[in-house]
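The values are calculated or read from the model by the stated rules, or taken from the named source; none is laboratory data. Please read these numbers as outputs of a predicted model, since none were measured by experiment. Using ideal geometry, Cβ is built from the backbone for each residue, glycine included, and neighbour counts are taken over all protein chains shown.
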Amino acid sequence: MKICYCNCDGIKRGYRGLLFESPDKFKQMICSEVKCKLRDEPQRKNMLDILDNLKNDVNFESSKCLKTDYQLLLDNVESQNFRIGEAIAEVVLEDKFKCRFYWNEIRDARNQKGNKTGADLVGFIQYTKENDNEILFLFGEVKTSSEKKSPPQVMTQKNKGMADQLKDLHLNNGKRLNLICYLQSKIDIHEKFKQDFKKAVYSYYKPDDNYQLFGVLVRDTQENENDLKSVYENLKNTIPKSTGLNLVAIYVPIKKAQWQDIINEKMQ
Amino acid sequence: MSMENKYKYLEDDFGDILGKISKHIQKAKISQRFDAINLSEEENEFLIKAKEICEIQINSLWHQRSSNEFLSYCLSYFDISSYFDYEIRNENDILEIFKIIIFGYLSEHSHFVRNFVISKINIDTVPVPDKWNLRLLYSIFKSVLYLIKKDNWKDISNVVDSINNLRSEQRKFEHNYLNQVREESQSYGVTELVSLYHFAKVVDILASYLLEGNPNDAENKIEYHFRVASEFAEISQNISLFLLYKYFKEFAIKLIRNTIWYNLKGVNHLVSMFNKFTTKKESGGIFELLYPQKHSLREGLLNPDKRSIVITLPTSSGKTLIAEYKILQALNNFKQRGGWVAYLVPTKSLINQVYSRLKQDFESLDLKVEKASGSIEIDGFEVGLVENKGDNTNFDVLVTTYEKMNLLVRQGLGTTDKRQLVLSIVDEAHNIGDSSRGLNLEMLLSTIKNDCSEVNFLLLTPDIPNSEEITEWLGGERGKVINLELDWWQPNERIIGALLLHGRGRNYDITLKTLNTTKGSFVIGEDIPIVNIENANENKSQLNSKIKISQLVTSKILNENFPIIVLAAEIGETFKIAEYLFENCQESFESDDEVELIRRFVRAELGDDFPLAKYLGKRIAIHHSAIPDEIRQLIEILMEKGKLKVLVATTTIAQGINFPVSTVIMGSYIYPFCGPMPTRDFWNMAGRVGRVGQESIGLVGISCRNEKDIRETAEYVQKATKVLLSQLEDIVNDLEQNSNAEFSSLLFRDERWSAILQYVSHLKTQITDLQEFINKLEQKLSDTLGYRQISNDKRKLLFRKLEEYAKSLSLQYAKWTDSTGFSTISVEQMIRNLNKTNLSIEQWKKEQLFSEQNQTLKNLVGIMLNTYEIKKPLEEIKIGNTSLDRNSLSRLIIYWVNGYKIPEIAKKLFVREEDSKAIELTSKALYKTITTFASWGISAIQKMPASGIDWEKMTEQEKKNLLNIPAYIYYGVNTDESVLMRKANVPRSIAKEVGEKYRQKFKDFYKHTTSEVLNCLKQRSFWTKIVPENSPLNEDEYFAIWKKLNYLE
């Protein structure tokens, strides 16, 4: 993977494009690390029984409307390509930015439809600073787009676009706190996590908002600096310098439509 | 607990980020009380950070919820977050408030949570949006607020209705909502709804459980619904809801575990009946227990194996309920076999308070609650209490004072197999250490322990470091201490501070310097400006006394919306302070029917010139032992309802009074002639400030003249509570100096000897053989607390002295002692003096005795003035510096008994004094002294051999009539039926008229108990045509007053 463009204001802020040149290497990545992150969905279907039993359980009606919508949800979950985009983003961030995620555990915090309480990426990023490692909380949004236009709409769309979502993550203290607490609640506590968490809490609550925002755009199109440039320029004025702000575009050589089949090894 | 300890974990773990956060939190707390204290933006930011950190830490410690660290973070979270104001604009606001409620509960401070909900959230204005998911969330939120507030069962019942209402609204709102969200968020909406339905069900379960303790498996059900709700919240990707459910589940379980149902199901039949009853009360229903109440049950309050339990608990921790459960347990076990319970209180007003509370709480359980008056004699209506050693009685609970119980038990009440005293509850049991009445209480408990073989003890007291010793004294190995003075739990919040004057000339200000204490009060570094005065009438140098500072401060903060108590050193001072406040209060008050009614009553009882009536016009009142009990009680009612601005009181107010106080201003903590108030008394009083149910942090301000005063005050409030010591040691110390003195001289020096001598003489009535008596003496002395506490040498000395006494003791004298409450030495002296008077039965006729021309009473007063136990208080009645002579004293009694009003008596006796001063002196003489001591003295004289009364030859009725003579003095009336009325709290000014009606209706009224009289008097017909001429009150108003006095409203 090579850097195809880069504009950085220090290590914590800037934007850059990363290009996967080799389709094979990309395939290999999504079949191994990315696939690992895509845990099987739990048996949501069992939940249908709970819906059927609603009247008995809580004395609310198990309406037709509820059941229809729930079935829709089940159908939809099975074909969620956005999850692969998010997994790619995490793998790349772990590889290139010393980020640590607990993907399998916190998957449900992410909502591609911009649920107001969640975020796509929640984890830690490590910076080396004067012989010590600084650990920061990382909050981020991931967008996947095949759109030809640059920047694609997923970056600029009102409310649901990456720019607005990152702004919201910056402005909404409560949301970040919820994400931190949710992360804490969902992860089986182990030493590594505890260390990361403790350090991140300290950094987070020191004077100035010390955490890292990441916006990752996964593209199956030609690399183009305009994908990130204007969004970054816009955001850097809103989000203060003390807060890390990195935008990354990952350009992959295989079309989005094929990712799922590759992961499921159908292409072989 | 110091505040540093309260926030210790937060400060220790995050000091480098948050700095001295405990200071900021305390400042935030204090700023809620004082407008002059404001937090800077930076301080606010620190608090917001600290709050978030607390939540993160609470999460980290989620699996260690019983740890101190977890508790501390929950407490810190609650303290910080409850400082901010909240508007309910969106779901985030709701989630924030939910967290405050939940973490407050998890820190066991449900009472603070309730205050927070009541003071900061207007439940009725919480919106209920149309969008279905929000409608569910908002409605559930509202329901939870009602579950917290629950003024009575209706609030909870409304919650059930409200959840049912949501169910019926489902059809109307759900479809539209799902259609709407389908477009924008695919089908995540459906899972959110399902999760909310389960959440609603949980609230439904909580409401049912609070109401009736059902379903039995509520916790399992809650676990299930939250498991499902959480799963669906996750699928809907609503992590806020997921987190809320995680937290709320523990809150729900905590709430269940706080309920009376969870804590007391299956204990026994009476307890179950009581719980059903108490939850159905219109007001003051109890659904949840405070932490100390819960803790006392866990610690074995109801363990029948424990013979003596000492519960140390701070004021306002809900001790009456603890006592009630203990009573029910005792009665459940022993009622069928005639067992009964004594509830012993230190003051007459507490008799009324406790009696009416128990009567109301137990009436539906078919338990009979009675009270015996606070007089130290047994009147004609109470004689049944000791006839056949009380075997004819039928009450289940008797409420009375320590002194009265002493008389009753020594005459056999509670000692027989038929009517065993099975439980003695001693309220404010630290009075054992009281310098004047401590020995009496100690000897009472020793006597009960000796004479009542089935008795158990429950002692309720503020902090006693040696509580183990007390419980061991009464229960040996079967003693148990339940310490509810917990270092992390507080019933209320307060500041203790020094008030200091600054400035010069006529421009000065008063500031409050907050002081560190041993019992958790908030402190900030900066002084708080309280009052700023420019161009004052007085120069600063003229404000050279603590009292002047107190009254100045009070007059300046009078307008605040908090009731204030000003503590005065003595009765006279209360009038001075109240007068100053009255003169300086510019505010005019809207007329209030209740205040006006009580003002008129004061005028009816004490005359137009008694200044209290005018003070009340400006919402100022006085409270001390020279005010009639009824009026004190009515003032307390006004205070409780927040209708008074200031109450100027002596320290008697500290004992067990149940009204909210937000501010106490103390002229001094040093009693005149007695030195500093014992720290236990100080905290007993300070503990009432800012009590449960009050919104604002309380303030105790101690006036200081200079830096030296401040230093001394600071040291004083830091002092630890002292060990509870028997007064015996003090007496024996004196004996060491005067070991050869006669008992009469010892008694003359110190009337506390009387209690010891009476204890010994009571033993004599049980063991007639001299040698056996002497042999048993030491063993029985060892049954007292004091004997255990003093050194061997002192024991020997005391024993030798008492042995000497025992040898000279005759059985007859011992019996007289038992029936009179006077030592045999005094009895002997009385008899000697009586012999000189040649009394006959004729002279005991009330028309004779209380006739102004008759000399008999004068002679009897003369005898009383020579009786050690009552000599001193009678001599305290003075004109100027001269004590009243026996002539004046007997006139005072005669006027009083014959129904003269206080102003009339004042005019006759204190002719040279101004009207208001004369009234003050008269009421003080009567209410503080005559009612108690003269009635006691007369009652004793009646029983002496030379009294002219031959009890043996009298009919029962004649005996009763005669026994009521002392009661005439106690109540200030002159007929038997009016005595009965007074016992049922009928005001003195109409007792005669109401009594007459009662007598006409019930010829056999002598058989009536106080409870029966109370029930009858509820009929309005007794209250017609009873009003004296020119009375400021009409019939209805008298009736209303009477109902208030009996807490029948």
Item to complete: Check whether at least one residue in the stretch A:131-150 is part of a loop (DSSP other than H, G, I, E, B), of a type in the set (Gly, Ala, Ser), surrounded by fewer than 21 Cβ atoms within 10 Å (Cβ to Cβ) and over 14 Å from the mean Cα position of the chain (by Cα), and report yes or no.
Response: yes
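Only one of A:ASN159, A:ASN178 is within 12 Å of another protein chain (Cβ to nearest Cβ) and assigned to a helix (DSSP H, G or I). Can you tell me which?
A:ASN178
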Worksheet item: Would the stretch B:443-457 turn up any residue that is assigned to a loop (DSSP other than H, G, I, E, B), out of contact with any Ser or Thr (no Cβ under 7 Å at 6 or more places or on another chain) and more than 23 Å from B:GLU715 (Cβ to Cβ)?
Response: yes
Worksheet item: Where residues in the stretch B:531-568 are polar (S, T, N, Q) and under 35 Å from the mean Cα position of the chain (by Cα), which of them is farthest from B:ALA654 (Cα to Cα)?
Response: B:ASN544
Worksheet item: For the stretch A:158-214, which residues satisfy the criterion of being farther than 15 Å from A:PHE124 by Cβ, among the acidic types (Asp, Glu) and loosely packed, with under 15 Cβ neighbours inside 10 Å?
Response: A:ASP188, A:ASP208
Discussion item. I need every pair where a residue in the stretch B:553-570 that is among the aromatic types (Phe, Trp, Tyr) has its Cβ under 9 Å from the Cβ of a residue that is assigned to a strand (DSSP E or B), sequence separation at least 6 or different chains.
Written reply: B:PHE562/B:VAL661; B:PHE562/B:THR663; B:PHE562/B:GLY698; B:PHE562/B:LEU699
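Could you list, in sequence order, all residues of the stretch B:808-863 that are of a type in the set (Val, Ile, Thr) and not in a helix (DSSP H, G or I)?
Of everything in the stretch B:808-863, just one residue is of a type in the set (Val, Ile, Thr) and not in a helix (DSSP H, G or I), namely B:THR837.
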Discussion item. Can you find a residue that is surrounded by 18 or more Cβ atoms within 10 Å (Cβ to Cβ), within 19 Å of the chain's Cα centre (by Cα) and not in a helix (DSSP H, G or I) anywhere in the stretch B:381-392?
Written reply: no
Discussion item. Which residue is farthest from B:LEU439 (Cα to Cα), if the candidates are limited to the stretch B:740-771 and must be of a type in the set (Val, Ile, Thr) and either under 31 Å from the mean Cα position of the chain (by Cα) or not in a helix (DSSP H, G or I) (or both)?
Written reply: B:THR768
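Being farther than 28 Å from B:ASP818 by Cβ, touching an Asp or Glu at 6+ places or on another chain (Cβ under 8 Å) and surrounded by fewer than 21 Cβ atoms within 10 Å (Cβ to Cβ) narrows it down to one residue among B:ARG478, B:ARG437; which is it? I'd like the intermediate steps shown before the answer.
Values: B:ARG437 fails: farther than 28 Å from B:ASP818 by Cβ.
After applying the criteria, what remains is B:ARG478.
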Practice prompt. Sort out which residues of the stretch A:98-127 are at the interface with chain B (Cβ under 8 Å from one of its Cβ atoms) and at pLDDT 70 or above, and write them in order of number.
Written response: A:GLY118
Discussion item. Just to confirm my filter: which helices (runs of 4 or more DSSP H) fall fully inside the stretch B:78-157 and include at least 3 residues that are free of Cβ contacts under 8 Å to residues at least 40 places away in the same chain and hydrophobic (A, V, I, L, M, F, W, C)?
Written reply: B:110-120
Worksheet item: Looking at the stretch B:914-928, is at least one residue modelled with pLDDT under 95, under 29 Å from B:PRO346 (Cβ atoms) and either polar (S, T, N, Q) or in contact with a strand residue (DSSP E or B) (Cβ under 6 Å, 6 or more places away or on another chain) (or both)?
Response: yes
Fill in: Filtered residues of the stretch B:670-683 (kept if modelled with pLDDT of 80 or more and either part of a loop (DSSP other than H, G, I, E, B) or farther than 13 Å from B:GLY433 by Cα (or both))
B:PRO676, B:MET677, B:PRO678, B:PHE682, B:TRP683
Item to complete: Could you check, for the stretch B:236-259, whether at least one of its residues is charged (D, E, K, R), within 30 Å of B:TYR188 (Cβ to Cβ) and at pLDDT below 90?
Response: no
Fill in: Every residue from the stretch B:325-369 that is acidic (Asp, Glu) and more than 23 Å from B:SER296 (Cα to Cα)
B:GLU363, B:ASP366
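Conditions tested, residue by residue: (1) over 28 Å from A:GLY174 (Cα atoms); (2) small (Gly, Ala, Ser); (3) more than 12 Å from chain A (Cβ to nearest Cβ); (4) assigned to a helix (DSSP H, G or I).
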{"position": "B:ALA200", "(1), (2), (3), (4)": "no, yes, no, yes"}
{"position": "B:ILE205", "(1), (2), (3), (4)": "yes, no, no, yes"}
{"position": "B:ASN216", "(1), (2), (3), (4)": "yes, no, yes, no"}
{"position": "B:HIS225", "(1), (2), (3), (4)": "no, no, no, yes"}
{"position": "B:ALA233", "(1), (2), (3), (4)": "no, yes, no, yes"}
{"position": "B:GLU250", "(1), (2), (3), (4)": "no, no, yes, yes"}
Fill in: B:GLY642, sole failed condition from (1) without any contact (Cβ under 8 Å) to a residue 40 or more places away in the chain; (2) over 25 Å from B:SER668 (Cβ atoms)
(1)
Response to the item:
If we keep only residues of the stretch B:395-420 that are of a type in the set (S, T, N, Q) and part of a loop (DSSP other than H, G, I, E, B), then the residue farthest from B:GLY374 (Cα to Cα) is B:THR416
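Here are some residues: B:GLU382, B:GLU370, B:GLU299. Which one is among the charged types (D, E, K, R) and in contact with a Lys or Arg (Cβ under 8 Å, 6 or more places away or on another chain)?
Numbers: B:GLU382 fails: in contact with a Lys or Arg (Cβ under 8 Å, 6 or more places away or on another chain); B:GLU370 fails: in contact with a Lys or Arg (Cβ under 8 Å, 6 or more places away or on another chain).
After applying the criteria, what remains is B:GLU299.
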Worksheet, complete the sentence: Of (1) within 14 Å of another protein chain (Cβ to nearest Cβ); (2) under 18 Å from B:ASN92 (Cβ atoms); (3) surrounded by fewer than 22 Cβ atoms within 10 Å (Cβ to Cβ), B:SER168 satisfies every one except (2)
Item to complete: Might you check whether a residue that is within 14 Å of chain A (Cβ to nearest Cβ) and either loosely packed, with under 15 Cβ neighbours inside 10 Å or over 25 Å from B:ARG257 (Cα atoms) (or both) occurs anywhere in the stretch B:110-127?
Response: no
Fill in: Output for the stretch B:237-271, where each listed residue is of a type in the set (Val, Ile, Thr) and more than 18 Å from B:ILE56 (Cα to Cα)
B:ILE253, B:ILE256, B:THR259, B:ILE260, B:VAL267, B:VAL271
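Conditions tested, residue by residue: (1) touching a Pro at 6+ places or on another chain (Cβ under 7 Å); (2) without any contact (Cβ under 8 Å) to a residue 40 or more places away in the chain; (3) in a helix (DSSP H, G or I); (4) farther than 30 Å from B:LYS519 by Cβ.
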{"residue": "B:LYS294", "(1), (2), (3), (4)": "no, yes, yes, no"}
{"residue": "B:PRO314", "(1), (2), (3), (4)": "yes, no, no, no"}
{"residue": "B:ASN332", "(1), (2), (3), (4)": "no, no, yes, yes"}
{"residue": "B:TYR343", "(1), (2), (3), (4)": "no, no, no, no"}
Worksheet item: Considering the stretch B:818-870 alone, what residues qualify as being without any contact (Cβ under 8 Å) to a residue 60 or more places away in the chain and under 27 Å from B:LEU413 (Cα atoms)?
Response: B:GLU828
Item to complete: Being without any contact (Cβ under 8 Å) to a residue 24 or more places away in the chain and surrounded by 19 or more Cβ atoms within 10 Å (Cβ to Cβ) is the filter here, so list the residues in the stretch B:979-1002 that pass it.
Response: B:ARG982, B:ALA991, B:GLY995
Discussion item. Regarding the stretch B:175-197, can at least one residue be identified that is at the interface with chain A (Cβ under 7 Å from one of its Cβ atoms), closer than 30 Å to B:GLY285 by Cα, of a type outside the set (S, T, N, Q) and touching a helix residue (DSSP H, G or I) at 6+ places or on another chain (Cβ under 8 Å)?
Written reply: yes
